[in-house]
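Heads up, the thing below is written out as C-alpha cells.
Since every read-out is calculated from the coordinates, none of them should be taken as a lab result. Since this is a predicted model, take the numbers as computed values, not measurements. Glycine also receives a Cβ, built like all others from the backbone with ideal geometry; neighbour counts cover every protein chain displayed.
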Amino acid sequence: MNDRTRDKDYFSGRVLITGGAGFIGSHLCERLLERGNEVLCVDNFFTGRRNNIGHLLQHPRFELMRHDVTFPLYVEVDQIYNLACPASPVHYQFDPVQTTKTSVVGAINMLGLAKRLKVPVLQASTSEVYGDPSQHPQTEAYWGNVNPIGPRSCYDEGKRCAETLFFDYRRQHQLDIKVIRIFNTYGPRMHPSDGRVVSNFIVQALKGEDITLYGNGEQTRSFCYVDDLVAGMIAMMDTSSEVTGPINLGNPSEFTMRELAQMVKELTGSKSRLVHLPLPQDDPKQRRPDTSQASDTLGWRPTVPLNEGLGRTIAYFDDLLKVA
Ligand code: NAD
Ligand code: UDP
C-alpha cells in the first residue's frame with residue numbers, strides 16, 4: 001500500500017472526512033490512505049457502518065471518531081472533506097429536521113473549523129440542488145427547480161443552503177472552498193436496504209424478489225461508479241485556491257429506470273418480475289450532468305461503464321447476501 005512514489009505531487013497531510021464511514025466516505029478514506037495521507041474519519045453512524053471501515057481500523061494512519069457534525073469539532077487537520085449527511089431519500093426523510101441540521105449546522109461547523117485552521121474545505125453537494133430540472137443536461141449555471149416545502153426539501157434545500165454558506169465564507173473570510181455536485185453514485189458498500197435504486201434492484205434480483213419500478217420507469221438517472229467519483233473528488237481538492245466550483249461530478253451516460261432494471265436482470269440472470277409502485281412525490285423526471293467543467297478544469301472524466309460497475313456491485317452484494 002506504500003505508494004508514495006506513485007504521484008510525486010501527492011499531498012501527505014492529515015485529512016478529515018466527515019461521513020467517512022458511509023458508502024462514498026469509506027472509499028475516500030481508503031484512497032487517501034493509499035496515497036499516503038493520515039485520515040481522521042468522523043461519523044455518527046446514522047447511515048454509515050463500522051463494517052465499511054473495519055478493514056482500516058488497524059491502519060497506522062487511520063483514526064475513527066464518533067461525532068455528530070451538528071456539534072462543534074476541535075481537531076487539527078490540513079484538509080476537510082464534508083460528506084456527513086444521509087443521501088438516500090428513505091433515510092434523509094426519516095428525520096427531516098436532523099437532515100437539514102446536518103447539512104446547515106454541519107456546514108457552519110466545518111467552515112468554522114476550516115477558517116480557524118486556514119485549510120481547504122470540500123463540500124459534497126448534490127445534483128438535487130437542480131431539483132426536477134427544466135434544463136437538460138444540467139450545467140452548473142442552472143439555478144434549479146426545487147420545491148421548498150416538499151418531502152425532499154430537507155435534503156435539497158439543506159444542501160443548497162450549505163452551498164450558500166460555503167460561498168459566503170469565501171466572500172467574507174476568503175476561505176479556500178471546493179463545492180462538488182455529485183450525481184447518482186453507486187458501487188460496493190451501498191447499504192443493502194438504503195432504498196436507492198441500484199442497491200434495491202440488485203438485492204431484489206439476487207433474492208428473486210419483484211423488482212420495484214416506481215412510476216412508469218421512464219424517469220432517467222446517470223450513474224457514476226464510486227471509484228470514478230472519488231478520483232474526481234481528490235482532483236478537485238488538489239486544485240489551487242482559485243478553483244471553488246461548483247463542479248458537477250457524475251457519469252453523463254443516461255438510462256431510464258426500466259433500462260437499469262433490465263440490465264440488472266441480465267447481469268444477475270434473475271427471473272424476478274418488474275412491478276410498478278407509485279412514483280414518490282417530487283421525484284425528478286430526468287437527470288444528466290454536463291461534465292465539461294470537470295473535464296476542462298480537473299482533466300477528469302469517468303471511465304467505468306454502467307455494465308462493468310454494476311458487475312462489480314453485484315459481486316459485492318452477492319457475497320454480502322451469502323454471509324447474511
Ligand atoms: P451515506 O448515507 O452512505 O453516508 C453518509 C454518512 O454521513 C454516513 O456514514 C452517516 O452515518 C454520516 N452522517 C449522517 N449524519 C451525520 C452527522 N450529523 N454527523 C456525522 N456523520 C453523519 O451516503 P453517501 O452516498 O456515502 O453520501 C455521502 C455524501 O455524498 C452525502 O453528503 C451525500 O449527500 C453526497 N451525495 C451522494 C450521492 C450518491 O449518489 N451517493 C449523490 C449526491 C450527493
Ligand atoms: N426508484 C425505483 N425503484 C426503487 C428505488 C428507486 O424505480 O426501488 C427510482 C426513483 O423513483 C428515482 C430513481 O429510481 O426515480 C432514483 O432513485 P434513488 O432513490 O436511487 O435516487 P434519487 O431519486 O435521489 O436520484
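Which trypsin sites (Lys or Arg not before Pro) from the stretch 227-301 combine a DSSP loop assignment with at most 16 other Cβ atoms within 10 Å? Let's see the in-between values first.
Details: sites: Arg258, Lys265, Lys271, Arg273, Lys285, Arg287; in loops: Lys271, Arg273, Lys285, Arg287.
Those that pass, being in a loop and sparsely packed, are Lys271, Arg273, Lys285.
Relative to the present Cα-Cα distance, how much length would full extension add between Asn51 and Asp168 at 0.36 nm per residue of separation? Walk me through the numbers on the way to the answer.
On the way: separation 117, 0.36 × 117 = 42.12 nm, distance 3.68 nm.
Taking Asn51 through Asp168 to full extension adds about 38.4 nm, to one decimal.
Between Lys115 and Gln135, the distance separating the two model label sites (each 7 Å from Cα on the Cα→Cβ line) works out to 3.0 nm. Counting only DSSP H runs of at least 4 residues, each contributing -39500 (n - 2.57), and dividing by the residue count of the chain, the helix-based mean residue ellipticity at 222 nm comes to -11500 deg cm²/dmol. Rounded to the nearest 10 degrees, what's the angle between the helix 306-323 long axis and the longest principal axis of the chain, both from Cα atoms, 0 to 90? Orientation of helix 306-323: about 90 degrees from the principal axis.
Modelled spin-label separation between Lys207 and Asn145, with each label point placed 7 Å from Cα along the Cα-to-Cβ direction: 3.5 nm.
Between helix 96-117 and the chain there is an angle of about 30 degrees, using the helix long axis and the longest principal axis of the Cα atoms. What is the stretch 25-130 by shape, rounded, prolate or oblate, if you read a ≥ b ≥ c off the alpha carbon gyration tensor as root eigenvalues and call it rounded for a/c under 1.5, prolate for a/b larger than b/c, and oblate otherwise? Cα axes put the stretch 25-130 in the oblate bin. Annotation: peptides 153-159, 90-96, ranked by per-residue average of other Cβ atoms within 10 Å with the highest first, follow the order 153-159, 90-96. In whole angstrom, the stretch 205-296 maps to an equivalent ellipsoid with semi-axes of 33, 16, 10, each derived as √(5λ) from the alpha carbon gyration tensor and ordered largest first. Kindly give Rg over Rh for the chain, based on alpha-carbon atoms, with the Kirkwood expression for the hydrodynamic radius. When Rh is taken as the Kirkwood radius, the ratio is 0.95. The residue among Gly22, Gln138, Leu274 whose Cα reaches farthest toward the positive pole of the charge dipole of the chain, with charges on the beta-carbon of Lys, Arg, Asp and Glu, is Gly22. Of the residues Tyr81, Tyr169, Tyr225, the one that moves most in a GNM of the chain with alpha-carbon contacts below 10 Å is Tyr169. Pairs from the list Lys178/Lys207; Lys115/Lys159; Lys115/Lys285; Lys178/Lys285; Lys159/Lys207 with a Cα-Cα gap above 31 Å: Lys178/Lys207; Lys115/Lys285; Lys159/Lys207.
If I stretch the segment between Phe94 and Glu34 completely, what's the gain in nm (0.36 nm per residue apart, minus their alpha carbon distance), one decimal?
Values: separation 60, 0.36 × 60 = 21.60 nm, distance 3.49 nm.
My answer for the length gained is 18.1 nm.
Return one number: the angle in degrees, 0 to 90 and rounded to the nearest 10, between the long axis of the Cα atoms of helix 23-35 and the longest principal axis of the Cα atoms of the chain. Helix 23-35 sits at roughly 50 degrees to that axis.
Once both labels are positioned 7 Å from their Cα atoms along Cα-to-Cβ, the gap between Ser12 and Ala324 label points is 4.3 nm.
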